[in-house]
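What follows is a short report on a single structure.
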Amino acid sequence: MDKEPIKNIKKILVGVDDSEDAQLAFRVAMRRALDLDATLCITSILESDEMNVFQALSADYIHGERKELEKHVENYRKIALQAGIKRVEVVIAEGDAGETIIKRIIPKVEPDLLIIGALSKKGVKKFFGSQAAYMAKHAPISVLVVR
């Protein structure tokens, strides 16, 4: 029997935040991207449910939070490039992390594989069974959940 890959993975999407699981997912995604000579697309979502009503209504607050997130994700991009990954993209969006990745990011980026951590950094949805399970269930592509 041939040991041919089931699917040629050319683009990997990884969701990042500051959780340990997301850090591990990022390292796994980098290793896979290097091994497969794949493009690595790094995404992070500005979640509005983490803001109070006054923050959510303040354009200055949202803009500041988004700028901070852009800077943070740019650091991930630099790390990936330093690790030797040739093609690294960054996508930032706002909304519910799981739903935004599935409904907006994946159709835009068209990755072959999504790699995510089992736990998120904050909120009630931090335990597996919410964001990661939602993405694993609804993604139109293969999902690797890193624990």
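Go through the stretch 65-76 and report how many residues are at pLDDT below 85 and hydrophobic (A, V, I, L, M, F, W, C).
Taking the stretch 65-76 first, the residues at pLDDT below 85 are 65-66.
From the residues that got through so far, the ones that are hydrophobic (A, V, I, L, M, F, W, C) too are none.
So the count comes out to 0.
Looking at the structure I just gave you, is Ile62 in contact with a strand residue (DSSP E or B) (Cβ under 8 Å, 6 or more places away or on another chain), part of a helix (DSSP H, G or I) and modelled with pLDDT under 95?
Taking the combined requirement at face value, the residue satisfies it.
How many residues does the stretch 77-110 hold that are modelled with pLDDT of 95 or more, small (Gly, Ala, Ser) and in a helix (DSSP H, G or I)?
1
If I ask for residues that are surrounded by 15 or more Cβ atoms within 10 Å (Cβ to Cβ), modelled with pLDDT under 95 and either hydroxyl-bearing (Ser, Thr, Tyr) or under 17 Å from Ile101 (Cβ atoms) (or both), which ones from the stretch 16-55 would you list?
Val16, Asp17, Ser19, Asp21, Ala22, Ser44, Ile45, Leu46, Glu47 - these are the residues of the stretch 16-55 that are surrounded by 15 or more Cβ atoms within 10 Å (Cβ to Cβ), modelled with pLDDT under 95 and either hydroxyl-bearing (Ser, Thr, Tyr) or under 17 Å from Ile101 (Cβ atoms) (or both).
Please identify the pairs in which a residue from the stretch 111-135 that is within 18 Å of Ile12 (Cα to Cα) and assigned to a loop (DSSP other than H, G, I, E, B) has its Cβ atom under 9 Å from the Cβ atom of a residue that is of a type outside the set (D, E, K, R) and modelled with pLDDT under 75, counting only partners at least 6 apart or on another chain.
That search, which allows pairs on different chains as well, returns Ala118/Phe127; Ala118/Phe128.
The values are calculated or read from the model by the stated rules, or taken from the named source; none is laboratory data. Remember, predicted model here, so these are calculated numbers, not experimental data. All Cβ positions, glycine included, derive from the backbone under ideal geometry; neighbour counts span all protein chains shown.
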